[in-house]
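We did not get these values from a lab; they are worked out from the coordinates using the rules stated. Just so it is clear, the model here is predicted, and its values are computed rather than measured. Ideal geometry is used to build each Cβ from the backbone, glycine not excepted, and the neighbour counts take in all protein chains shown.
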Amino acid sequence: MTFKSNNQNPLGQLVELKTKLVPDDDQGSANTLLVELRANPEEIEDKIGTISVSIKEATLVLTLHGLDIVSKSRLGQPTTGAPVHRELQRETTITTAHSTADEGKAGLSVGISTEGPKAELKVGIGSSENMSASLIRRETEIIREEFHPVRAISGDRWKVTMKDGGALDATFLDGDPLCRTTSVKGANLLGVESEVIVKQKHLDVKLDRDPSWLSLRFPRTTNQQKIMKVLIAKSLHEKSGTGDFDGELTFSRSSVFDEE
């Protein structure tokens, strides 16, 4: 079975998406979806000026036709049964000191330091009639979990983020298997449509103004700045070739369907 791909990346310098369906066997009943996904901050020239755009979070959405995703084949799918590594570090310090009235007499100092399975004990012995003591205990829990830049979530979607929570700036998939699919019995049309969708709140947009064009239209007040950001988002939305603006922008589309 042969599949044909169609990739639409009107803002490819900002977000690029490409997909392929590759048969796993001669019968073509099982296929693997291979995906290329790149995103990075970029400057885009528009009639209102130069727009600097960065994306904090994106969602890769699949719409399947005549296909089902094979269980446990999704890339970046954490499960509740997966182990979470926890480390507990403990540190205890006990200190005793003699009173000022007993100058010249030695004091007793005890230090205990525990980190993981190792411990050290230090003792200094002296003589003193009046002793004062202090106890300090510290506990720090470190949780180690796997981070998935492309993480499978519900609804045949994948959330795309950076580990540090910053702007997307990486090749997230480079022809990697996103999932495996099987054909639905009796289906005539086989294929997958993919979209990269970004919510307006996950966009960081800045405009390098042209004063001669903007000064008459956009007074520099706080409310007008907010309106300007919405208008910029709509402008990008129009460039991406989608319909009515609803607070989400579709930056890239890719479809792959059976040619037969």
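So for each of 44-51, 177-184, 249-256 I average, over its residues, the number of other beta carbons within 10 Å; can you give me the resulting order with the highest mean first? Intermediate results must be reported in sequence, preceding the final value.
Working: 44-51: 14.1, 177-184: 18.5, 249-256: 22.5.
Ranked by mean Cβ neighbours within 10 Å, highest first: 249-256, 177-184, 44-51.
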(message) On a straight-distance basis, which lysines could pair with Lys199 in a cross-link, Cα separation under 16 angstrom, same-chain partners fewer than 8 positions away excluded?
(response) Lys56, Lys159, Lys226, Lys229, Lys234, Lys239
(message) Can you give the local net charge around Arg253? Use residues other than it whose beta-carbon is closer than 11 angstrom to its beta-carbon, Lys and Arg +1, Asp and Glu -1.
(response) -1
(request) Taking the Cβ of each residue in Val230, Val198, Val61, Val53 as the centre, tally the other Cβ atoms inside 10 Å and list the residues starting with the fewest. (result) Val230, Val61, Val53, Val198
